[in-house]
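A quick write-up on the structure given underneath.
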Amino acid sequence: AGLEPSPPARHRSRPLESPHPADLLLLLSCPDFRAHFACLFGSGSEAAEQWRFSSAAREEEVSEDEEEDQLRALGWFALLRVRHGLEEEADMRGPAVAVVPLGALSKGTPLLACGTPFGSFCPDIFLNTLSRGVLSNTAGPLLLTDARCLPGTEGGGVFTVRPAGALVALVAAPLCWKAHEWVGLTLLCAAAPLLRAARDALRSLRPSTASLAALLPPELGAPWALPLPEPGLPWVAAAVLVECGTVWGSGVVMAPRLVVTCRHVAPCKMARVLVCPTIPKSSKIWGHVVFATQETSPYDIAVVSLEKELEGVHVPVPTEHFHEGEAVSVVGFGVFGQACGPSVTSGILSAVVRVDDTPVMLQTTCAVHGGSSGGPLFSTSSGDLLGIVASNTRDNNTGATYPHLNFSIPITVLQPALQRYSQTGDLGGLQELDHVAEPVRVVWRLQRPLAETPRSKL
Amino acid sequence: MRRQWEPATRLGEQAGCVVSASRAGQPEAGSWSCSGVILSRSLGLVLCHGGILTPFLRAGSRVLTQADATILPGDSCGDDLCLHVQWGPTAASPAGRVEWGRLGLCMPQC
């Protein structure tokens, strides 16, 4: 590969269009979005008090009325019609947007968000700022993406990469805060049900707007439109929800009857564990912890043997090599837990920490939240399993949590022992995880390596 | 990898716009703005967030949480509602840059 030629100059070298006057045709909301929002974010309950969707920082003064108004309007969108004369017609030419049908995209699908941070504050600089991410989670028409969006991008479009530029959703809330922590996910409302509601309303409200209903953008898959996007990533289904008493977390299926999770999710040997697969129509399966590392071990790992085989689950292929900078995905039940399926967040493998040339810790830029522990870290391109998520980062001085700096146990540390246990039932390999060398413990305590002890000159 | 995103980027930028709402003849009353999507350029149809219209609702914001409210007609907002839509191309004009202070934004040295 060589250097690519410079791209042609972008249109930002030309002056910005003047604002065009427009009329409000209607305000619309999606009832399903509101229902799922109430269910996921628990409106009216204690859970709701933990969630905030304000665009203002937590230190900023926002009146309760303002915040309540923001919450009321969260799932509402406005259909406008720009007034333009014949002289502007040439400028108004261009392709109509195609719309992705609800449910057509799977988690992990790459998305492109296009919005204008701070709205009309300074469009010369901020108009149509782009942000990349993936479809992280879905609950009916309520979608979540890890594409980072800013205040003012409410209403901005979120598009597919393949087929290019099909409209998936509109930004409903760019920022989510849970218990004062920035979650790093953007809340979206699927476009398809919104446009269906708009079509119905335009037909019924006024005869003058009825003709517009037929001219709203078509959904993909319709005979005249673009083909549907490709099917989803099979490795997402390897993540399972693990419940052990009152504690829950994530896990990854390593064999049809073997699940790996974190010790802090399933800490006690022989403890009963309920494993909930994510594939449709599959039932929960009981299992028990056959091995959990000791508290003193830096590797926070537990192994669960299931009473029955998990059927139809794609067992991931463990990697043998790590490539810093490669695109990776974390799958886990963070943030929402049992309320909906696992979330997929994307990023890169930001660091591979080695001791004596052996990888002992992985770091990623994916957003990782409480409840993701034990979940898998995958290579996005190959789907190979890279590691098991162990934690994100908290600054004990400020109390701030950093979801985009997180730590995983390399699968190369676990794979030989897991294979040995799978084939022979011998726990010897796993027990070695309790006796790792001090330099590895130092890494996981986030300490500097100890300097070599100076030799006495006596 | 970059080429994979280019067509979507181009189409996304073509569809993107910014919408502002203010009271006719009362610029001092402030304005509200958000992003939007141009659904059809030829028809001038734009979809944007409804939050910027909350201050203009004749019946107040509570109408948005009424159980049966899923659609509100255009005349739900007061007659003084003044809407504007702006789209690309853009220019990083010096005039734009000097306005940063209005929102309290600045560029702290990192």
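Data table
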item	result
Options A:Ala201, A:Ala164, A:Ala210, A:Ala197: the member that is among the aliphatic types (A, V, I, L, M) and either in a strand (DSSP E or B) or in contact with a Cys (Cβ under 9 Å, 6 or more places away or on another chain) (or both)	A:Ala197
Extreme residue, surrounded by the fewest Cβ atoms within 10 Å (Cβ to Cβ), among residues of segment B:18-38 that are within 8 Å of chain A (Cβ to nearest Cβ) and in contact (Cβ under 8 Å) with a residue 24 or more places away in the chain	B:Ser20
Residue among B:Gly74, B:Gly51, B:Gly25, B:Gly16 that is at pLDDT below 90 and out of contact with any Lys or Arg (no Cβ under 8 Å at 6 or more places or on another chain)	B:Gly25
Any chance B:Ala59 is surrounded by 13 or more Cβ atoms within 10 Å (Cβ to Cβ), part of a loop (DSSP other than H, G, I, E, B) and more than 7 Å from chain A (Cβ to nearest Cβ)	no
Residues of segment B:1-17 that turn out to be touching a residue at least 60 places away in the same chain (Cβ under 8 Å) and either more than 7 Å from chain A (Cβ to nearest Cβ) or among the hydroxyl-bearing types (Ser, Thr, Tyr) (or both), as a count	1
Where a residue in segment A:396-411 is under 12 Å from A:Ser350 (Cβ atoms) and its partner, wherever it lies, is outside any strand (DSSP E or B), with Cβ under 6 Å and at least six apart	A:His404/A:Thr365; A:His404/A:Ala367; A:Asn406/A:Val368
Segment A:198-212, residues that are within 10 Å of chain B (Cβ to nearest Cβ) and closer than 11 Å to A:Leu25 by Cα	A:Ala198, A:Ala201, A:Leu202, A:Leu205, A:Arg206, A:Thr209, A:Leu212
Matching residues, segment A:384-403, being assigned to a strand (DSSP E or B) and either within 14 Å of A:Leu362 (Cα to Cα) or not polar (S, T, N, Q) (or both)	A:Leu385, A:Leu386, A:Gly387, A:Ile388, A:Val389, A:Ala390, A:Ser391, A:Asn392, A:Thr393, A:Arg394, A:Tyr402, A:Pro403
Any chance A:Pro117 is more than 7 Å from chain B (Cβ to nearest Cβ) and either surrounded by 24 or more Cβ atoms within 10 Å (Cβ to Cβ) or out of contact with any Cys (no Cβ under 9 Å at 6 or more places or on another chain) (or both)	no
Within segment A:120-140, tally of residues that are within 7 Å of chain B (Cβ to nearest Cβ) and of a type in the set (Phe, Trp, Tyr)	1
Condition met for A:Val355 (touching a Leu at 6+ places or on another chain (Cβ under 7 Å) and farther than 24 Å from A:Pro256 by Cα)	no
Residues being under 20 Å from A:Leu362 (Cβ atoms) and part of a loop (DSSP other than H, G, I, E, B) - total across segment A:290-322	12
Meets criteria (at pLDDT 85 or above and either farther than 19 Å from A:Ala367 by Cα or part of a loop (DSSP other than H, G, I, E, B) (or both)) for A:Leu170	yes
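The values are calculated or read from the model by the stated rules, or taken from the named source; none is laboratory data. Owing to the predicted nature of the structure, the values given are computational and were not obtained by experimental measurement. Positions of Cβ are generated from backbone atoms using ideal geometry, with glycine treated the same way; all protein chains shown enter the neighbour counts.
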